[in-house]
Amino acid sequence: MGDKPKLAVWKFASCDGCQLSLLDCEDELLAVAGAIDIAYFPEATKRHIAGPYHLSLVEGSIASHADMLRIQQVREESDFLVTIGACATSGGIQALRNYRDAGDMAATVYAHPDYIDSLETSTPIAEHVKVDFELRGCPISKSQLLETISAFLQRRQPAIRTESVCMECKRCQTSCIMVSEGIPCLGPITQAGCGAICPAYKRGCYGCFGPAESVNASALMAEWQKLGMDDAQIARALQTFNANAPDFRKAAEAHDDTHH
């Protein structure tokens with residue numbers, strides 16, 4: 001047991017969905033457990049072996065002062081740090097606070113907002129510490145997670161696709177719903193990884209995996225306008241799971257009246 005690499009799974013501001021993706025691996029998780037020592041994973045076990053850790057998987061964004069201090073400690077204890085999910089890689093759905101006055105929002109929700117230790121923004125882990133690899137998605141792909149852990153054990157770079165969802169649609173032989181159905185879709189500017197589930201059911205891509213490489217969001221939004229989408233609808237579509245991802249944020253702000 002002592003010769004196995006030690007794995008730690010950490011949670012920050014998030015819904016736990018990406019950690020559940022690891023638990024949902026079921027049979028594959030048994031194989032992972034055989035090759036790696038799960039030293040810290042509160043979602044799955046009370047067992048806690050002190051660090052340092054060979055591999056840390058980090059879910060969630062930095063949303064409080066306590067988070068800022070704790071992520072520094074996690075980084076110091078981790079040889080290899082992988083962020084998992086939209087919260088950890090772009091700030092998550094809670095990054096919508098970045099567009100508003102967080103103090104006003106807290107006062108609306110809580111009777112005593114002075115007790116809330118919350119930052120004005122929700123930011124990705126990479127804005128605070130060095131990140132060795134990022135896994136996108138809301139939630140992450142089980143197969144991509146297993147590939148990342150396997151790559152770590154084999155001391156190689158994870159083979160994770162960075163193309164757009166459109167390429168997944170083609171591999172699945174799903175017709176382009178923008179062309180055939182006139183349905184607005186974020187697939188052309190969203191990174192692959194989900195298996196193009198939404199377009200297969202005649203639903204435009206939500207952008208769960210964040211921006212693909214070298215995207216042209218303004219060109220896609222021009223096509224959306226031809227389909228009858230107004231500025232408010234465009235901004236709302238981009239301000240979801242990965243609202244704080246630079247390419248999505250820039251495109252959203254170009255259509256959001258609060259930034260004009």
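Taking 0.36 nm per residue of separation and subtracting the current Cα-Cα distance, fully stretching the chain between HIS65 and LEU96 would add 9.3 nm. Overall, the ratio between the Cα radius of gyration of region 135-212 and 2.2 N^0.38 Å, rounded to two decimals, is 1.16.
Here region 86-139 and region 193-239 have alpha carbon centers that stand 23 Å from each other.
Against the main long axis of the alpha-carbon atoms of the chain, helix 217-226 sits at an angle near 40°. Extension gain for SER214 to GLN157 (0.36 nm times residue separation, less C-alpha to C-alpha distance): 18.4 nm.
Shape analysis of the chain based on the Cα gyration tensor places the equivalent ellipsoid semi-axes at 33, 25, 14 Å, largest first. Comparing PRO139, PRO124, PRO158, which has the greatest mean-square fluctuation in the GNM of the chain with Cα pairs linked when under 10 Å apart? Between PRO139, PRO124, PRO158, it is PRO158 that shows the largest mean-square fluctuation. The calculated FRET efficiency for ALA222 paired with ASP24, based on their beta-carbon distance and R0 = 45 Å, is about 0.70. The trypsin sites (Lys or Arg not before Pro) of region 162-215 meeting both criteria, a DSSP state outside H, G, I, E and B (loop) and at most 15 other C-beta atoms within 10 angstrom of the site's C-beta, are LYS202, ARG203.
If Lys and Arg each add +1 and Asp and Glu each add -1, what is the summed charge of the other residues whose beta carbon sits under 12 Å from the beta carbon of ALA126?
The answer is -1.
Highest average first, the peptides 20-26, 61-67 ordered by how many other beta carbon atoms sit within 10 Å of their residues are 61-67, 20-26.
Under the classification rounded if a/c is under 1.5, otherwise prolate if a/b is larger than b/c and oblate if not, where does region 143-260 fall, given a ≥ b ≥ c as square roots of the Cα gyration tensor eigenvalues? Please report the intermediate quantities before stating the final value.
Working: a/c = 2.75, a/b = 1.51, b/c = 1.83.
Oblate, since a/c reaches 1.5 and b/c is not below a/b.
The length gained by stretching the chain between LYS202 and ALA126 to full extension, at 0.36 nm per residue less their Cα-Cα distance, is 23.9 nm. In loop segments of region 18-76 as defined by DSSP, the trypsin sites (Lys or Arg not before Pro) with at most 15 further C-beta atoms inside 10 Å of their C-beta are LYS46, ARG47. Convex hull volume of the C-alpha atoms in region 6-153, normalised per residue: 110 Å³.
Computed from the coordinates by the stated procedures, all read-outs in this text should not be read as laboratory data. Here the structure is a predicted model, which is why all the values come from computation and not from measurement. All Cβ positions, even for glycine, are placed from backbone atoms using ideal geometry, and neighbour counts span all protein chains on display.
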